[in-house]
Amino acid sequence: MDKEEALQFYKNYNEKCQAYELALKTMFFDMSTIAPVNGNDYCIQMMSLLSGELYDYMINPDHIDKLQQLHHMDLGEIINKDIQLSLKEVNKTALLPKDFYIKMQQTYTKGEVVWRQAKNANNYAMFKDCLKEIVAIKKQSYQYYGVKKTLYDDMLDDYETGMSIEKYDHFFNAIKNRLVPFVKKVMNEGIFIDDTPLHQNFEITKQEKVTELLKDYLHFQKENCYLGTTEHPFTTDFSLHDVRITTKYLENSLISSLFSIIHEYGHALYHLNMDESLAGLKVASSMTCGMHESQSRFLENYIGKRKSFWICLYPQIQKIFPKQLKDLSLDQFVQMINVSQPSLIRTEADELTYPLHILIRYELEKDMINGDVDFDHLDQLWADKYEQYLGIRPADAKSGILQDIHWSGGDFGYFPTYALGSAFAAQFFQEMNKDVDVDDVLAHHHFDVINDWLKEHIHRYGALYNANEMMQKVTHQDFDVNIYIDYLIEKYSCLYHIKESKE
Ligand SMILES: [Zn+2]
C-alpha cells in the first residue's frame, strides 16, 4: 500500500466503525432518556445484533493485517496515533476466542442482573458467588491478552495508560498518610457547618429557572450541547458538535442538580472544544477515564465551589427562592456547598472525603485480582476499611459493598481513575492560576476566559497525548499528588478553622 491507499483504507474503515458506534450511542441515549421501558428488551436485542456486526468487522483478519501495515507507515501524527488506538482495541478483541468472548459478556450481563437483585434485597450473600465468577473470568481474559506486568497492573493501565500498582501505591499512600488524619482532625476540631437550609423544599419548576441562569453563566453552547434529565446523570458524545448531558432534580436539594450540570458540562467541554482536525477520529473520543474526570471535577470543584463563581449567580437564585434563601448570605451559601462529612455512599461524598472512598476500593481490588481474598467475608472487610479510614461503619450491604455497579460488569481498575482525575485537576488548576486571575474573571461573569484556557491547553488535543504527556505539556512537571493534598488541606483548614500544622 502506498500512503494514499493507506489513508483511504483507514478513512473507510474508521468511518464504518464510527457509524456503528454512533448508532449504538444513539440507541443507548434514547433508552436512557425518553424510550418507554417496555421497549427496552427489543432495543437491547437490536443493539447486540449491531455490536456483533461491529465486532466481526473489527476482527476481520484482512482489516487487522492492514492496520498492522499502516502502523509502520508515516501517516502524520494524528492518523498514526489514531491507528495506534484502533489497534490496541482490535487486538484486545481479537485475542479472545469467540466462545470465551460470549461467555465473558454473559457473565457480566448476568453479574449486573444479580447485583441489582442483591442490592434490592440488601443481601451480599446473593451476589458473592457471582462476584467470584466475574473475577475469575476477568483474570482469564487477561491471560489471553498476555500478562505484561501483573494482572492488576495491566487492568490499571487499560483504564489509565501509563499507570501501575507502583504509581498508584505511591498515590494512595500519600492520601492515607496525609488525608486520613486530616479528615479526622476536621471532624474533631473543626467548626460545625449546618447545611440544612440547602435541603428545604425547592420546587423543581423553579430549579429549572436556576438551571437557565447557570447555563447563561457557563456560556452553555446550546447549539452543540443538549441537556436532559435521567436517574443517573451522564455525558455522551456523538460528535464535536453534538454532546448530550443529563442531570437529576431533587426536590429536597438546591445544589444536587446544579453540581451535576457543572460536572457533566466539564466532560462535555472536552469534546466541544476539540480541534476540528480530530473530528470523526478515535482520538476525538478516546480520552482516558482519569483525564476525562479531571475536566469534570475541575469545573465542579475547583471552579464551581468557589465564592467568586456565585457572586453573580447567587443574588439571582435568591430572587427565585426568596422564602428559602432570603436570610442566607453568599458566604453562608458557599460554606454550605463545601461542607465535609464522612459518609457511606461514594457518589454523595464531598470533595475532601471522596478520595478515601476510592482508596478503600483500590485496596480491595488489588487483593481481589492479585492476591487472595475471602469472598465470603468481603462485605466485612469493606466495612472494616470504612471504619478505619472514615470512622463510620455501614450497617448493611446496600450502603456498603453493594452500592456501586462497577465490579458487577467486570470493571476492575476503573475506580482509581476517579481519585486520580481529581488530583490531576488540582495540578491543572495551579497552572491556570499562573495565567488567569480566576476569581476576578468568575466574579465578572467571564467564564469564557476559563473555557478558553482549558481549550487552549487541554481540550483541543483530545486523546493525542496520555495523562503524563499532558501533565508535562501543560504544567512542565510530572504529576505530583502533594499538590492535590496541599490544596485540600489548605482549603478545608480555612473552611473549618483548623490551625495549620505541618504534618
Ligand atoms: Zn464524571
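The values are calculated or read from the model by the stated rules, or taken from the named source; none is laboratory data. What you see is a predicted model; the values in this text were computed from it and never measured. Note: areas computed on protein heavy atoms with side chains; ligands, DNA, RNA excluded. Shrake-Rupley method; radii C 1.70, N 1.55, O 1.52, S 1.80 Å.
Points worth noting:
- Set of lysines with alpha-carbon distance to Lys66 below 20 Å, sequence-local pairs under 8 removed: Lys3, Lys11, Lys16, Lys81, Lys88, Lys92, Lys282
- The value of relative contact order for the range 3-147, using C-alpha pairs under 8 Å at least six residues apart, is 19 percent.
- Here the Karplus relation 6.51 cos²θ - 1.76 cosθ + 1.60, evaluated at θ = phi - 60°, turns the backbone of the range 197-209 into coupling constants of x, 7, 10, 7, 7, 10, 3, 5, 4, 6, 4, 5, 5 Hz, with x for every Gly and Pro.
- All Cα-Cα separations within the chain were binned at 10 Å from zero, giving a P(r) of 3, 17, 28, 29, 17, 5, 1, 0, each value a whole percent of the pairs.
- Volume per residue for the range 3-147 equals 144 cubic angstrom (convex hull of Cα atoms).
- Note on the range 409-503: the C-alpha convex hull projects to 8.9 nm² when averaged across all orientations.
- Glu15 - accessible surface, heavy atoms, 1.4 Å probe, Å² rounded to 10: 100 Å²
- Ordering Phe333, Phe375, Phe28 by accessible surface, largest first, gives Phe28, Phe375, Phe333; the 1.4 Å probe counts only protein heavy atoms, with every chain in place.
- Accessible area (Å², per residue) of the chain, counting only protein heavy atoms and a probe of 1.4 Å: 45 Å²
- Portion, in percent, of the accessible area of the range 3-147 that falls on carbon or sulfur, probe 1.4 Å: 55 percent
- The heavy atoms of Phe238 present about 40 square angstrom of accessible area, all protein chains included, probe 1.4 Å.
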